[in-house]
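This report concerns only the one structure given below.
The values are calculated or read from the model by the stated rules, or taken from the named source; none is laboratory data. Every value quoted in this text rests on a predicted model; they were computed, and no experiment measured them. Positions of Cβ are generated from backbone atoms using ideal geometry, with glycine treated the same way; all protein chains shown enter the neighbour counts.
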Amino acid sequence: MSAASPASARKPSARDRLLAAADELFYAEGVHTVGIDRIIEHAGVAKASLYSAFGSKDELVRAYLEGRHEVRRARLLAGLERFDGPRERLLGVFEVLAEVAAAPGFRGCAFYNASAESAPGGAAEQVSAANRAWTRGLFTDLARDAGAPDPPALAEQLMILYDGATVSARMDHGPAASRTAGAMAAALLNAADL
């Protein structure tokens with residue numbers, strides 16, 4: 001067995017360490033509560049590294065949320081691959097949410113949390129709106145695939161269930177609300193003969 005190459009043993013870049021620190025601290029404590037000095041200390045980098053890599057805390061928040069979006073998107077799409085048929089995939093969104101809500105360290109939706117404590121029009125609101133649009137688009141596409149007569153209307157109903165389940169999962173510390181929302185979504189699909 002050979003020793004690790006110098007390239008594979010290399011320490012993550014300052015940018016990567018800042019993003020990792022931001023991801024951990026912002027999600028656990030909030031984007032407004034956690035200051036730049038704390039992120040810099042946690043990442044073990046110089047203050048100049050933060051400004052060189054991101055320019056401002058707002059842009060670090062943007063990068064943090066964009067990273068969260070990519071992870072969430074990949075996890076949801078991968079989770080939906082195990083469900084057969086459009087109806088099952090629509091309901092599968094709630095099952096994937098239940099799995100996420102049951103995971104240790106779940107603190108709710110990073111996008112809801114960040115946008116609730118940020119100024120209107122800022123990076124948190126912009127990335128959160130894009131994430132929300134993606135989720136709405138996913139529901140709309142799945143509803144269309146399932147044969148819904150009005151996919152955008154069904155998607156809006158499912159978004160409300162999803163939002164409520166996400167907030168309840170955070171407040172109740174578990175996946176029960178996600179499963180209840182999935183049962184409510186099944187009733188909506190049944191009413192639409194899907």
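Some notes on this structure:
- Within the stretch 68-79, none of the residues are more than 19 Å from Asp163 (Cβ to Cβ), among the small types (Gly, Ala, Ser), surrounded by fewer than 17 Cβ atoms within 10 Å (Cβ to Cβ) and over 16 Å from the mean Cα position of the chain (by Cα).
- Residue check, Ser128 closer than 17 Å to Gly30 by Cβ, in the same structural domain as Gly174 (by TED's automatic domain parsing), small (Gly, Ala, Ser) and touching a residue at least 60 places away in the same chain (Cβ under 8 Å): yes
- Where a residue in the stretch 26-46 is in contact (Cβ under 8 Å) with a residue 12 or more places away in the chain and its partner, wherever it lies, is among the aliphatic types (A, V, I, L, M) and part of a loop (DSSP other than H, G, I, E, B), with Cβ under 6 Å and at least six apart: Phe26/Val34
- The stretch 138-150: number of residues that are assigned to a helix (DSSP H, G or I) and either in contact (Cβ under 8 Å) with a residue 12 or more places away in the chain or farther than 12 Å from Leu90 by Cα (or both): 6
- The condition (being assigned by TED's automatic domain parsing to the domain that holds Arg87, modelled with pLDDT of 95 or more and over 15 Å from the mean Cα position of the chain (by Cα)) is satisfied by just one residue among Asp172, Asp141: Asp141.
- Only residues that are crowded, with 16+ Cβ neighbours inside 10 Å and over 17 Å from Ala130 (Cα atoms) were counted in the stretch 56-67, giving 1.
- Within the stretch 112-121, one or more residues are in contact with a helix residue (DSSP H, G or I) (Cβ under 6 Å, 6 or more places away or on another chain), outside the structural domain of Ala28 (by TED's automatic domain parsing), surrounded by 13 or more Cβ atoms within 10 Å (Cβ to Cβ) and hydrophobic (A, V, I, L, M, F, W, C).
- The stretch 14-55, subset crowded, with 16+ Cβ neighbours inside 10 Å and of a type in the set (Val, Ile, Thr), residue nearest to Ala116 (Cα to Cα): Val31
- Index of the failed condition, Arg82 passing every other in (1) part of a helix (DSSP H, G or I); (2) at pLDDT 95 or above: (1)
- Any chance Phe94 is free of Cβ contacts under 8 Å to residues at least 60 places away in the same chain, under 30 Å from Pro149 (Cβ atoms) and of a type in the set (Phe, Trp, Tyr): no
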